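My questions will all concern the structure given below.
The values are calculated or read from the model by the stated rules, or taken from the named source; none is laboratory data. Note that this is a predicted model, so its numbers are computed, not measured. So basically every Cβ, Gly included, is an ideal-geometry build from the backbone, and we count neighbours across all protein chains shown. Heads up: the accessible areas ignore ligands, DNA and RNA and are worked out on the full protein's heavy atoms, side chains in. Shrake-Rupley method; radii C 1.70, N 1.55, O 1.52, S 1.80 Å.
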Amino acid sequence: MSARTYEVRTYGCQMNVHDSERLSGLLEDAGYVRAPEGAAEGEADVVVFNTCAVRENADNRLYGNLGRLAPAKARRPGMQIAVGGCLAQKDRDTIVRRAPWVDVVFGTHNIGHLPTLLERARVQEEAQVEILDSLETFPSTLPTRRESAYAAWVAISVGCNNTCTFCIVPALRGKEKDRRPGDILAEVEALVAEGVVEVTLLGQNVNAYGSDIGDREAFSKLLRACGRIEGLERVRFTSPHPRDFTDDVIAAMAETPNVMHQLHMPLQSGSDTVLRAMRRSYRQDRYLGIIEKVRAAMPDAAISTDIIVGFPGETEDDFEQTLHVVREARFAQAFTFQYSKRPGTPAAVMEDQIPKEVVQARYERLVALQEEISWEENKKQLGRTLEVLVAEGEGRKDDRTERLSGRAPDNRLVHFARPGEPVRPGDMVTVDVTYAAPHHLLAEGPARGVRRTRAGDAWERRNAGEGQKPAGVMLGLPTVGVPAPSPVPAGGCGCD
Ligand code: SF4
């Protein structure tokens, strides 16, 4: 009998992207195989939704998707549908009540139980709903199928101790839990041994790392320890909270060569009044103070952010304060969001919700300002020589001139002319920047050099079928391959 096929659909933030790698690893460990790329809707034997609870209509989207699968399920009773992630953690058995053709509902704290729950639902011919209120085991011990051969997510903590009034994460992912530094470093070393050259340390509140293990400087120590791992070329982290951005972290970034001078630091609002209403526990001056310190220590740092426009009670003056910070901070990039009510958050029931047209108008002004600044900041890169990590699948769709793409050390997207010699994703190419656009750089001239890396070798092994076997499905051991982490717009820390 041929192996059952699976498909994992991921919504939301980096934490969910990483959890989906675990879900794929678990299923492959249990003998499932991934459904072929582009398989028709409902063709896979098991469809898993890893959901996000952030957007106002997140649930409508889920039930819409489940509705579209109902005919396929009716045609193939052996097919199974599972719903996990933040919306499952929030809605629990409401999901099987609204979509009785769903077989399994699991939460953010028990992703490891998916294969067992699928089997139980199949044998008992009854939907299985299992939601835990706290984490059993740190997900890093679970098998993983990573999506890329040269870059990896490494979770260092889950959950969050903050209580931002617009955010549902603490309610769904629980209080912060930190992994032991030794476990993290062991995972990073094993990844590097497999050919990975870039890791992104992941946490809802990554720089609060250590609060759970009683060491306030644990995060800067971790960055410095990553600096001592031979073969690890690039270290990134997401997402820090301005309140926990301490001098020891800035010093560790500046003094550790493989820690990239790139920082994603959600601002949310520039107004102290709105920050107070959001319960963001820092104010405008502290935020700008951190930016100043970062720039003093790393003048070339690329800083990006998240901003919410139209938070309840936001006045025109408040909004002007946000524009003021944006002008001062000179962000390389900003992920901007129109405030949307999140059921279950304090902000959703606040007075003075802002009319949509006012929010829309402010949003457009903010986007226009940031677009200008992003472009001016990118123009400062003209003439610079950059070493670009060649990326998989980020090439320009419309480009018939065969340009390749990759990420500069500060994570800027660079499109460059294909060098005369073969390059693979994971290799490094040195190029000169000849043109700057608002959201990418171009290097149209010949490459200055190509550095073939062990990451490129790992990519080649994997794509020559050698790495295809779910090598990673050895319990707890990291594997080859993870999606090239780049700031997924959906989300700073709390999935803004
Ligand atoms: S926005 Fe971020 S820091 Fe605030 S509660 Fe949500 S996850 Fe925590």
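Would you mind calculating the gained length between Ser134 and Lys379 on full extension (0.36 nm times residue separation, minus the Cα-Cα distance), in nm to one decimal? Let's see the in-between values first.
Working: separation 245, 0.36 × 245 = 88.20 nm, distance 4.75 nm.
Going from the current span to full extension adds 83.4 nm.
Kindly provide the helix-only [θ] at 222 nm of the chain, computed as the sum of -39,500 (n - 2.57) over DSSP H runs of four or more divided by all residues, to the nearest 500 deg cm²/dmol?
On the way: 14 runs with 162 residues, N = 496.
Value at 222 nm, helices only: -10000 deg cm²/dmol.
Please compute the Cα-Cα pair-distance distribution of segment 1-160 with 10 Å bins starting at 0, giving whole percents from short to long.
Distribution as computed: 11, 43, 37, 9, 0 percent.
Before I look further, what does the chain give for accessible area per residue, probe 1.4 Å, in whole square angstrom? Working shown, then result.
Details: 19720 Å² over 496 residues.
That works out to 40 Å² per residue.
Hey, got the dipole for segment 140-379? About the Cα centre, +1 on K and R Cβ, -1 on D and E Cβ, debye to the nearest 20?
Numbers: 29 positive and 36 negative charges, 125 e Å.
Rounded to the nearest 20 debye, it is 600 debye.
I would also like to ask the following. On average over all directions, what projected area in square nanometres does segment 47-118 have, based on the convex hull of its Cα atoms? Each step should come with its number before you reach the end.
Numbers: hull surface 17.6 nm².
Average projection, Cα convex hull of segment 47-118: 4.4 nm².
Straight distance only, please: which aspartates and glutamates reach the Cα of Lys379 with their own Cα at less than 20 Å, same-chain residues fewer than 8 apart left out?
Asp300, Glu328, Glu371, Glu387, Asp410, Asp432, Glu444
Let me ask something additional. What's the longest piece of the chain with no exposed GluC sites (Glu not before Pro), counting a site as exposed if DSSP puts it in a loop and it has at most 16 other beta carbons within 10 Å?
On the way: sites that count: Glu37, Glu41, Glu43, Glu56, Glu125, Glu126, Glu136, Glu217, Glu230, Glu351, Glu402, Glu444.
No qualifying site falls inside 231-350, the longest such stretch.
5 Å is the cut-off here: which amide hydrogens, built 1.01 Å from N in the peptide plane, fall below it relative to Leu441, excluding neighbours closer than 5 in sequence?
Amide H neighbours of Leu441, under 5 Å, 5+ apart: Leu413, Val414, His415.
Below 18 Å, Cα to Cα, which lysines can Lys356 reach? Residues fewer than 8 away in the same chain don't count.
Cα-Cα hits under 18 Å: Lys341.
If you don't mind, another one. In the calculated pair distance distribution of the chain, what percentage of Cα-Cα distances lie above 37 Å?
On the way: 35205 of 122760 pairs.
It works out to 29 percent of all Cα pairs.
No solvent, one uniform scatterer per C-alpha: report log10 I(q)/I(0) for segment 385-453 via the Debye equation at q = 0.14, 0.22, 0.28 1/Å, two decimals.
Summing over Cα pairs of segment 385-453 leads to -0.33, -0.86, -1.49.
When the accessible area of the chain is computed with all protein chains present and a 1.4 Å probe, what percentage of it is carbon and sulfur? Before the final figure, lay out each step's value.
Numbers: 10270 of 19720 Å².
Of the solvent-accessible surface of the chain, carbon and sulfur hold 52 percent.
Still on this structure: What do you get for trypsin sites (Lys or Arg not before Pro) in segment 138-230 restricted to DSSP loop and a cutoff of at most 11 other Cβ within 10 Å of the site's Cβ?
Working: sites: Arg145, Arg146, Arg173, Lys175, Lys177, Arg179, Arg216, Lys221, Arg224, Arg228; in loops: Arg145, Arg146, Lys175, Arg179, Arg216, Arg228.
Filter output for segment 138-230: Arg228.
How large is Rg/Rh for segment 140-379, to two decimals, with Cα atoms and a Kirkwood Rh?
Values: Rg = 18.6 Å, Rh = 18.9 Å.
Checking Rg against Rh, the ratio lands at 0.98.
Rounded to a whole number of µm²/s, how large is the Stokes-Einstein D of segment 82-190 at 20 °C and 1.002 mPa s, given Rh as the Kirkwood radius over C-alpha pairs? Write out the running numbers ahead of the final one.
Values: Rh = 15.6 Å.
Approximately 138 µm²/s, per Stokes-Einstein.
From Cα pairs below 8 angstrom and at least 6 apart in sequence, can you work out the relative contact order of the chain, rounded to a whole percent?
Numbers: 1078 pairs, mean separation 80.5, N = 496.
Averaging sequence separation for qualifying contacts and normalising by length gives 16 percent for the chain.
Quote the convex hull volume per residue of segment 202-296, based on C-alpha atoms, as a whole number of Å³. Intermediate values should be presented prior to the final figure.
Numbers: hull volume 8.9 nm³, N = 95.
Hull volume normalised by residue count: 93 Å³.
Given just the C-alpha atoms of segment 301-398, how large is their convex hull per residue in cubic angstrom?
On the way: hull volume 16.5 nm³, N = 98.
Taking only Cα atoms, segment 301-398 has a hull volume of 168 Å³ per residue.
Okay, moving on. May I ask you to derive the FRET efficiency for Val367 and Arg327 from their Cβ-Cβ distance with R0 = 22 Å, giving the value to the nearest 0.05? Don't jump to the answer; show the numbers that get you there.
Working: r = 14 Å, r/R0 = 0.64.
Here the calculated transfer efficiency is 0.95.
Sticking with this structure for a sec: Express the Stokes-Einstein translational diffusion coefficient of segment 122-259 in µm² s⁻¹, to the nearest whole number, given a Kirkwood radius over alpha-carbon pairs, 4 °C and a viscosity of 1.567 mPa s. Spell out each step's value before the answer.
On the way: Rh = 16.2 Å.
Estimated via Stokes-Einstein, D reaches 80 µm²/s.
Can you compute 3J(HN,Hα) from phi for each residue in segment 127-132, using the Karplus curve 6.51 cos²θ - 1.76 cosθ + 1.60 with θ = phi - 60°, rounded to whole Hz and x for Gly and Pro?
With coefficients 6.51, -1.76 and 1.60, one gets 4, 10, 10, 9, 10, 9 Hz.
Over segment 1-95, how many percent of alpha carbon pairs lie in each 5 Å bin up to the one with the longest distance?
Over segment 1-95, the share of Cα pairs per 5 Å bin runs 3, 13, 23, 24, 21, 12, 3, 0, 0 percent.
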